[in-house]
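Following: one structure in structure tokens, then a few remarks.
The values are calculated or read from the model by the stated rules, or taken from the named source; none is laboratory data. Note that the structure is a prediction, hence the values are computed from the model and not measured. Every residue, glycine as well, gets a Cβ built from its backbone with ideal geometry; the counts of neighbours run over all protein chains shown. Surface accessibility is based on the protein's heavy atoms, side chains included, excluding ligands, DNA and RNA. Shrake-Rupley method; radii C 1.70, N 1.55, O 1.52, S 1.80 Å.
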Amino acid sequence: MTWPVVARRDLRTLRADNSLLVFGGLFAFVAAAAAYGATNGAIATPLPAVLALLFMFAVPLAAGTLTHEAVPSAVDTGRVRLTLALPHDRSTFLAGAGAARLAITVVAVVAAVVTASVVYAARGAALSPVRVLAVVALAALLAVAFVAATLALTAGSTSTTLSAATTYGFFALALFWPIALSLGRVVLGGTFGVRVSSGLTDALVVASPLYAYANTLTVVGVDGVATAGSVPDGIGAAVLLAWTVGGFALAERRFGRVEL
């Protein structure tokens, strides 16, 4: 038995507690409202830009909210012991749990795209389907990175409260990363006499998965969503992949040390 078995089981659980309905409905509603507002002026804002900005905030929050309880809750209820009593190992459990949360997030993204596209079509605005599909693909990559990062942060915890605080703290750090870099540069220069060039801090902006996503959007012609760092366009995709691979590897390492 493999990770898809665990993923299907977790998907049934997530459907039963209405996570699919809640996140899908919320994404659809917010996307429809954003699309209506974007087409309310004389010139409509391009749909890819509207969706890209929405997904920059909504996707990480949804992925983190869905994922942060995956391991602590399973450990607390004993469900993980039951899973591991079957022919599954710990990495299989993590992969299945992450895949289920990723699937719900991607379905919510699709719901947002559908409702926003309907609003744009109804109001006679251009849809740009190729760019919209590219934004969906990059939103899925952002979701994978945040699922992996959340698993890495919470796989060693048995407290859902601590896991929630860690997850949302990570999102806040990722969001305010450029400010943190600027403050760090000032502190290093003023307190320790270490001079850090503004070019280096600008380049390090893309280390945040949020701004790595913004950097990658420029490749598909969606500019101005957020600062993309002073690095070549597309570098953000490699950063998101690094978050995914590194996050899952760290999650495996931490989960392997949890006493069941």
Exposure ranking of ARG185, ARG12 by accessible area [1.4 Å probe, largest first]: ARG12, ARG185
Rg in Å to one decimal, and Dmax rounded to a whole Å, for region 219-260 via C-alpha atoms: 15.9, 48
Ranked packing of 123-132, 137-146, 191-200, most packed first, by mean Cβ within 10 Å: 137-146, 123-132, 191-200
Taking only Cα atoms of region 61-211, radius of gyration then Dmax in Å: 19.9, 59
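Percent of accessible area on the chain owned by carbon and sulfur, 1.4 Å probe?
68 percent
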Ordering of 248-255, 176-183 by burial proxy (mean other Cβ atoms within 10 Å per residue, highest first): 248-255, 176-183
Positive dipole terminus of the chain, leading residue within TYR168, GLY78, PRO178 (C-beta point charges): GLY78
Nearest-0.05 FRET efficiency for ASP233 and ILE43, computed from C-beta distance (R0 35 Å): 0.85
Candidates ALA214, ALA85, ALA100: whichever shows maximal mean-square fluctuation once the chain is modelled as a Gaussian network with Cα springs under 10 Å: ALA85
Gain in span if fully extended, VAL258 to ASP17, counting 0.36 nm per residue against the direct Cα distance: 84.1 nm
Over region 187-260 - Rg/Rh using Cα atoms and the Kirkwood inverse-distance radius: 1.16
Label-point separation, ARG81 to THR218 (7 Å along Cα→Cβ), nm: 5.3 nm
